[in-house]
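Notes for the one structure printed next.
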Amino acid sequence: MNLILFGAPGAGKGTQRGSLIDTYQIPAIATGDMLRAQRRAGTALGDQVTSYMDRGELVPDALMIDMIKERLQEPDARTGFILDGFPRTVAQAEALDATLDQLRRRVDAVIYLRVSRQVLIDRLSHRYSCRSCDAVYNFTPKQALEVPRCTVDGGELYQRPDDKPEIVAHRIDVFLKHTAPLIDYYTTQHKLENIDGQMSVEDVRADITRRLSALKKGAGSR
Ligand code: AP5
């Protein structure tokens, strides 16, 4: 399966990808996590992308496209992948299609998690992330007074600089302007699975599983 997890900031892409990795035994390629790893490692790319990320702007297409082209050719991605956070512009989607064409592959489905602006803002204001592994948590204001350590690797939990309310508002505007046109792009290709991302985490997961099983069955009977 070659999948794209698609949705606005805070739609639940990172939350849902773990169960997809387990179900399909394919790697997740999460561009936000890849960029934050570059920043932690203090690489030239990490330095280059810092100001874009902290302002809630998109990193230039050329940098992102090069990074994804290289990653898709690594051995673990040969049997499938879950893209999270890419593509984010029509230029990125076209470059992805061209790269996959060369590899004689294609995107099988785009899972669009649809969530309202107010819910996105509420979720991101309560999100804490692990500084070392990017695992995410959601705390009530009371729980946030005593933020524990990450349950995955014991790392420090923090609020991402781009989760400040004014940056979140800007990231949602950037999504609507530059990324939302991909809804039409993938609808035209008959690949969009439009899912209510405001259900519980478990119900969203069940809906994704149901849709992907139906797709697999359909592909098998053709
Ligand atoms: P990135 O890290 O990709 O951020 P994002 O797409 O804005 O997505 P988020 O990580 O904020 O949200 P999510 O959908 O994963 O939600 P989550 O599951 O955590 O990108 C960061 C930056 O990198 C970009 O702004 C840009 O600068 C740059 N960048 C990355 N890729 C790029 C590209 N291709 N081109 C250019 N620039 C790029 O959930 C959020 C919260 O909600 C959590 O607390 C979670 O517990 C909670 N939650 C999740 N689901 C539910 C549910 N169903 N019910 C209740 N709570 C829920």
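Only one entry of F81, F6 meets the criterion of being surrounded by 15 or more Cβ atoms within 10 Å (Cβ to Cβ), touching a Pro at 6+ places or on another chain (Cβ under 8 Å) and of a type outside the set (A, V, I, L, M), and that entry is F81.
For (1) modelled with pLDDT under 95; (2) touching a strand residue (DSSP E or B) at 6+ places or on another chain (Cβ under 8 Å); (3) not basic (K, R), each residue gets a yes or a no:
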| position | (1), (2), (3) |
| --- | --- |
| C133 | yes, no, yes |
| L157 | yes, yes, yes |
| A169 | no, no, yes |
| R211 | no, yes, no |
| A214 | yes, no, yes |
| G218 | yes, no, yes |
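Counting the residues of the range 157-193 that are away from the ligand (no atom under 13 Å from the Cβ) and among the acidic types (D, E) gives 3.
Scanning the range 38-58 for residues that are hydrophobic (A, V, I, L, M, F, W, C) and over 15 Å from the mean Cα position of the chain (by Cα) yields A41, A44, L45, V49. Comparison of D122, D196, D108 shows that the only residue that is touching a strand residue (DSSP E or B) at 6+ places or on another chain (Cβ under 8 Å) and within 14 Å of the ligand (Cβ to nearest atom) is D196.
For the range 1-92, the strands (runs of 3 or more DSSP E) that sit wholly inside it and include 2 or more residues that are within 24 Å of R104 (Cα to Cα) and away from the ligand (no atom under 11 Å from the Cβ) are 2-6, 81-84. With respect to (1) modelled with pLDDT of 90 or more; (2) at positive phi; (3) open to solvent by less than 50 Å² (accessible area, probe 1.4 Å), the lone exception for H190 is condition (3). Here R71 does not qualify as of a type in the set (K, R) and either open to solvent by 40 Å² or more (accessible area, probe 1.4 Å) or free of Cβ contacts under 8 Å to residues at least 40 places away in the same chain (or both).
The values are calculated or read from the model by the stated rules, or taken from the named source; none is laboratory data. Please read these numbers as outputs of a predicted model, since none were measured by experiment. Cβ atoms come from the backbone with ideal geometry, glycine included; neighbour counts cover every protein chain shown. Surface areas here come from the heavy atoms of the whole protein model, side chains and all, with no ligands, DNA or RNA. Shrake-Rupley method; radii C 1.70, N 1.55, O 1.52, S 1.80 Å.
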